[in-house]
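Okay, so here's the structure we're looking at.
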Amino acid sequence: MTKPPAKARPHFADEGIEKGVQKLTGESITPVIRDILKTEGGARLKVYMETCAHCGLCSEACHHYLSNDRDPKYSPAGKVRQTIGEILRKKGAVSPGFIKTACEIAFTECNLCRRCVMYCPFGIDVAYLMLFVRRICHRLGVVPQYIQDTAHSHAATLNQMWVKEDEWIDTLHWQEDEAREEIPGLRIPLEKEGAEIFYSVIGPEPKFRAQLIYQAAVIMHVAGMNWTMPATPGWDNSDMCMYTGDFEMTARLKKAHFETAMRLKTKRIVMGECGHAFRSVHDVGNRFLGWKTEPLPVVHAIQFYYELFRDKKLTVKQKFDQPVTLHDPCNVVRGAGLHELARYIIHETCDRFIEMHPNREHNYCCNAGGGVINCGPPFTKKRVTSNSVKAEQLKAVKAKGANIIIAPCHNCHGGLEDIIKHYDLGMEIKFLGDIIYECIKKT
Amino acid sequence: MIHDIYSLLRGPMVWLAFCIFAGGMVFRITAMVGLARQKDRVVFDYMNTRYALRSILHWMVPFAGVNMRKHPVMTLVAFVFHLSVLATPLFLCAHILLVKASWNLSWWFLPDGVADVMTACVVAACGFFLCRRMLLPDVRYLTTASDLFLLALVASPFISGFWACHQWPGYPVVMMAHMLSGEILLAAIPFTRLIHMFFFPFTRGYMGSEFGGVRHAKDW
Ligand code: SF4
Ligand code: SF4
């Protein structure tokens, strides 16, 4: 049948994609795809593809679709049709030009946020399908440059940001020194065997947001926790490789992470406020290692802070006095159901809380997640314009009086910051840790 | 001649259609489970009866999910359609009489007036789906020729059945068209997108299990 006239796809130059595609030929692509389909394309791929009723009920779930004038190309099933649908139809015989477009769609037009799964009557996992396309791109050597660079960093250093071992230790010492000016007895215990808590963070914390380590140390100290951080690689819980389709690396990273926690004989891993890292440790990386769940308990910061307040380990000196709202990060809400716990912490620490709508499992993704922000500057503009619906959502909650957005996820911070700047919303973003640090009684 | 065709459609073809339907269904499900055993072992690890049923139930109750409430007309039409498309042929008096004549078996049947209304609902719903496919750009973008063909395939035994039942002009031929299209439809289910009828509990159940068991979240 005739299709409505398609708007031309805007072109974004990315060296990783361009150069990768230049090396491809029709003949080199097909055997690779067929191999992946044969070895990794199982029942899920087949059943999802054959069950989809082409009903379009998932369209309105996706912020890309809603933000791009409801262009069908950006609907979840539309993206499936343009990528893996076409690949299966042609049995892998696709052109380099096709791979280029498919790569751009899978890496920059889907955050693997799984909102659409909650809107599809069949529960078809579009995120799984898009990740399958990314896997194909990875195997073909066509990956956006910036995110591939972080994947290289993971491979070379076991952390996301090319942080060297001595830099890591220096940063912890530096934050310890700073924090001791405020609380003289404070320590950031390194390599403490048998500690109860193994505290892990993502690479960008020591690199760009070292004050978060400071704050975490203060919270741990005040709550009287028995905790430690490692002095060796394995400290980083982040994982861009699961988003580039480099699952072998994902397994290596999580293995290093779990083994470091076990080497120190800690009882559980508590991780900072990061969403994708939680997904990697709790939902993805463990699977590639053959673990149904994580081999030792992994606790996200939200749950950890919740426990501290519930058990009265922290007390509030003065509640945060400006109205706040909460952005529910996909990976810890749709991915871990921590939304009510986050609200508990906010009610403990803040005077006035205003919900944004939609919220909880139905919140819109920040459009940074799923590695999209990690695809870097070539796609920044597209990333913010493809989430005007988020800007609308924020505007509405700002109109109700909330100027401060709490977002307990690093990626969301990056994504929301860009949206706030682009749409000139004049709002401020905070971590739960920022609020807790500000409000608790420290002595 | 006409009589021969009628007997063929009334006898062997019915058997054939049922065999293809049942055999196809068993084949598709075993093949799927076999493939999952080979390449998607995680599915078995995470499948969780409680969460699977929780999700399936939420998606089988009209308006239980957010998206169903967002599309009230579609939800209503889809539920009436699916109910009618399954129940009308199973509980139609004329069908049951045929079974009774052959095997002396019978069960509860729908009053003819109700069956008429339900048949009309199926046809109207097919029209509605067709309009959606034509008028909504996102649905249109996804629509393939096979989707339109399936819509026609589903509608035809209902249109022809209604026609023949009311003895409108040419009904003897239409009756045969009714039998043939019904048989084709039945046989086509396992090998087309209509397979969603069997796969629904598996996809929804698995997603419900992952959301409930691993992610501690709702999926509706
Ligand atoms: S961005 Fe989220 S809602 Fe959109 S297609 Fe991807 S997983 Fe689905
Ligand atoms: S993914 Fe689900 S909601 Fe989207 S078109 Fe397919 S069946 Fe419909």
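Assorted remarks:
- Annotation for the B:A interface, with buried accessible surface near 4600 Å², both sides summed [1.4 Å probe; non-protein components not counted].
- Taking all protein chains together and a 1.4 Å probe, the residues B:Trp108, B:Trp168, B:Trp220 rank B:Trp108, B:Trp168, B:Trp220 from largest to smallest accessible area.
- Cα gyration tensor category, rounded, prolate or oblate, for the protein assembly as shown with a/c compared to 1.5: prolate
- For segment A:257-295, the residues whose amide N sits under 18 Å from a probe point set 7 Å from the Cα of A:Thr232 along the beta carbon direction are A:257-269.
- Under the shape rule built on the C-alpha gyration tensor, where the axes satisfy a ≥ b ≥ c, segment A:155-299 is prolate, since a/c reaches at least 1.5 and a/b is greater than b/c.
- The modelled label-to-label distance for the pair A:Thr293/A:Thr25, using points 7 Å beyond Cα in the direction of Cβ, is 5.2 nm.
- For chain B, averaging the sequence separation of C-alpha pairs within contact (under 8 Å, six or more residues apart) and dividing by the residue count gives a relative contact order of 34 percent.
- Sequence of A:Phe309, B:Phe149 when ordered by accessible area, the most exposed leading, probe 1.4 angstrom: B:Phe149, A:Phe309
- Rounded D (µm²/s) - segment B:1-87, Kirkwood Rh over Cα pairs, Stokes-Einstein at 20 °C, 1.002 mPa s: 126 µm²/s
- For segment A:316-439, the equivalent ellipsoid derived from the alpha-carbon gyration tensor has semi-axes of 24, 15, 13 Å in decreasing order.
- For the residues B:Gly161, B:Gly208, B:Gly170, a GNM of chain B with alpha-carbon springs under 10 Å puts the largest fluctuation on B:Gly170.
- Efficiency of FRET between A:Lys395 and A:Phe208 - r from beta-carbon atoms, R0 41 angstrom, step 0.05: 0.90
- Size of chain B: Rg and Dmax of its alpha carbons, in Å, are 19.8, 64.
- Note that segment A:263-321 carries a Kirkwood radius of 13.2 Å, evaluated over its alpha carbons pair by pair.
- Most tightly packed first, judged by the mean number of other beta-carbon atoms within 10 Å of their residues, the peptides A:347-354, A:297-304, B:96-103 read A:297-304, A:347-354, B:96-103.
- Take each residue of peptide B:61-71, count the partner chain Cβ atoms within 10 Å of its Cβ, and average: the result is 3.
- A probe of 1.4 angstrom, applied to the heavy atoms of all protein chains, finds A:Lys255 with accessible area near 100 square angstrom.
- In segment A:15-143, Cα pairs under 8 Å separated by at least six residues give a relative contact order of 37 percent.
- Portion, in percent, of the accessible area of the protein assembly as shown that falls on carbon or sulfur, probe 1.4 Å: 63 percent
- Summarising the strand pairing of the protein assembly as shown, around 5 percent of its internal DSSP beta bridges are antiparallel.
- Segment A:100-200: C-alpha gyration tensor shape, a/c 1.5 cut-off, then a/b vs b/c: prolate
- Net charge contributed by nearby residues that have their C-beta within less than 11 Å of A:Phe278 (K/R +1, D/E -1): -2
- For B:Asp112, solvent-accessible area (1.4 Å; no DNA, RNA or ligand), Å²: 100 Å²
- Accessible area per residue for chain B, computed on protein heavy atoms with a 1.4 Å probe, is 53 Å².
- Across segment B:160-199, the residues whose backbone nitrogen lies under 11 Å from the label position 7 Å along the beta-carbon direction of B:Ile5 are B:172-178, B:180.
- In chain A, helical runs assigned H by DSSP with n ≥ 4 each contribute -39500 (n - 2.57); averaged across all residues and rounded to the nearest 500, the mean residue ellipticity at 222 nm is -14000 deg cm²/dmol.
- For segment B:124-159, residues shielded by at least 40 square angstrom of accessible area compared with the chain on its own, probe 1.4 Å: B:Asp138, B:Arg140, B:Tyr141, B:Leu142
- Relative contact order (percent, whole number), chain A, Cα cutoff 8 Å, 6+ residue spacing: 16 percent
- Chain B - mean residue ellipticity at 222 nm from DSSP helices (-39,500 (n - 2.57) per run, n ≥ 4, rounded to 500): -25500 deg cm²/dmol
- Solvent exposure ordering (accessible area, 1.4 Å, most first) of A:Cys103, B:Cys121: B:Cys121, A:Cys103
The values are calculated or read from the model by the stated rules, or taken from the named source; none is laboratory data. It should be emphasised that the depicted structure is a prediction, and the values quoted were computed from it without experimental measurement. Quick reminder, even Gly has a Cβ in these numbers, built from the backbone with ideal geometry, and neighbours come from all protein chains shown. The area values use the complete protein model at the heavy-atom level, side chains included, leaving out ligands, DNA and RNA. Shrake-Rupley method; radii C 1.70, N 1.55, O 1.52, S 1.80 Å.
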